[in-house]
């Protein structure tokens, strides 16, 4: 409901309880792929700090939390200093954020026996405020563990409020785009990411690096990285489909592969290819492929050129070679909306039927 100023140059958006409860449910659903929330002697537990903060009055907060931490201590934090020195400044709301997060750790220490809080390096200040509050308020000892932030090529961090991110939710980043992100990382980033995002041993990572150095064009690091993470986040079926989709542009895909692709994935695969639109009534019943390729879509400038390429076996519709006797009808539409035309080996056209 209030924003953390760490690593931010401006105020965070404030969200209401309904949105936050919805987000909490979505986050747990994602985490269930990696953590067991239901079985075993020590199942994972997700808690919401609003449950213990909502009855906390401002006066009680000042008395029970604020008196234990000095303003000098709070101002000394890098996240606060940077914002105070910037032109935008920092609001009292965000200034007090470290006390709120610090109290969360204090509450968890006292009620859930939590002794270690982990986070990215930008959370160091907030976490140690919690260890300090535990020491001063409860006389306890707690610990902080942070790791370097994973940065993007432009130096920005991966964060839910940043742009150009990779999401665990397939509705926000399809398995195909997810797989492609890791597959297209640079050699330097792949060597770093394979240590941080996979469960491979140090020896395995070093062996892969050596193999990659001997044959960089094979992109062994990137392929191993993309496979490992996509399998763990999305599962085997989505991984296999992402690999098949990735091969379509290189002539290895099939009609069956195309039919399995969601609309989002189909558009992602053919994002940069020429596109055209035709009306659905123009293929009512059926239309001969020569007319379709020339008059309706202008993929070929004339019927004669379309016929010549068809005779030479240089045209495929939805990855199947066709000749000039072929007809187009609505049963061939991918996702009830698209037709993929291939002219030669590498020239693709995506036709949208509206």
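Overview of values
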item	result
Residue 313 vs. criteria out of contact with any helix residue (DSSP H, G or I) (no Cβ under 6 Å at 6 or more places or on another chain) and part of a helix (DSSP H, G or I)	no
Residue list for the range 223-253, restricted to those being surrounded by 14 or more Cβ atoms within 10 Å (Cβ to Cβ), over 17 Å from the mean Cα position of the chain (by Cα) and touching a residue at least 40 places away in the same chain (Cβ under 8 Å)	223, 241, 243, 245, 246, 248, 249, 253
Index of the failed condition, residue 22 passing every other in (1) modelled with pLDDT of 90 or more; (2) assigned to a helix (DSSP H, G or I); (3) surrounded by 13 or more Cβ atoms within 10 Å (Cβ to Cβ)	(3)
Residues within the range 301-321 that are in contact with a strand residue (DSSP E or B) (Cβ under 8 Å, 6 or more places away or on another chain) and either surrounded by 14 or more Cβ atoms within 10 Å (Cβ to Cβ) or over 20 Å from residue 255 (Cα atoms) (or both), tallied	8
Single condition residue 72 does not satisfy, out of (1) assigned to a helix (DSSP H, G or I); (2) at pLDDT 90 or above	(2)
Set 259, 227, 223: member being touching a strand residue (DSSP E or B) at 6+ places or on another chain (Cβ under 8 Å), assigned to a helix (DSSP H, G or I) and either under 30 Å from residue 345 (Cα atoms) or in the same structural domain as residue 309 (by TED's automatic domain parsing) (or both)	259
Which listed residue is modelled with pLDDT of 90 or more, under 30 Å from residue 178 (Cα atoms) and touching a strand residue (DSSP E or B) at 6+ places or on another chain (Cβ under 7 Å), from 340, 296	340
Cβ pairs under 6 Å, 6+ apart, first in the range 299-321 and on the phi > 0 side of the Ramachandran plot, second part of a loop (DSSP other than H, G, I, E, B)	319/253; 319/254
Residue list for the range 105-122, restricted to those being in contact with a helix residue (DSSP H, G or I) (Cβ under 8 Å, 6 or more places away or on another chain), in a helix (DSSP H, G or I) and over 17 Å from residue 48 (Cα atoms)	122
Counted residues, the range 137-157 - those being assigned to a helix (DSSP H, G or I) and either exposed (fewer than 14 other Cβ atoms within 10 Å of the Cβ) or in contact with a strand residue (DSSP E or B) (Cβ under 6 Å, 6 or more places away or on another chain) (or both)	1
Output for the range 55-69, where each listed residue is in a loop (DSSP other than H, G, I, E, B) and either surrounded by 12 or more Cβ atoms within 10 Å (Cβ to Cβ) or at positive phi (or both)	56, 65, 69
Selection status of residue 208, modelled with pLDDT of 90 or more, buried (at least 17 other Cβ atoms within 10 Å of the Cβ) and under 22 Å from residue 269 (Cα atoms)	no
Residue within the range 211-218 that is surrounded by 15 or more Cβ atoms within 10 Å (Cβ to Cβ), modelled with pLDDT of 95 or more, within 31 Å of the chain's Cα centre (by Cα) and not assigned by TED's automatic domain parsing to the domain that holds residue 338 present	yes
Search result, residues across the range 322-354 that are surrounded by 15 or more Cβ atoms within 10 Å (Cβ to Cβ), out of contact with any helix residue (DSSP H, G or I) (no Cβ under 7 Å at 6 or more places or on another chain) and without any contact (Cβ under 8 Å) to a residue 40 or more places away in the chain	332, 333, 342
Out of 70, 39, 57, sole residue that is within 18 Å of residue 131 (Cβ to Cβ) and free of Cβ contacts under 8 Å to residues at least 12 places away in the same chain	70
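The values are calculated or read from the model by the stated rules, or taken from the named source; none is laboratory data. Because the structure is predicted, anything quoted here is derived from the model rather than measured. Ideal geometry is used to build each Cβ from the backbone, glycine not excepted, and the neighbour counts take in all protein chains shown.
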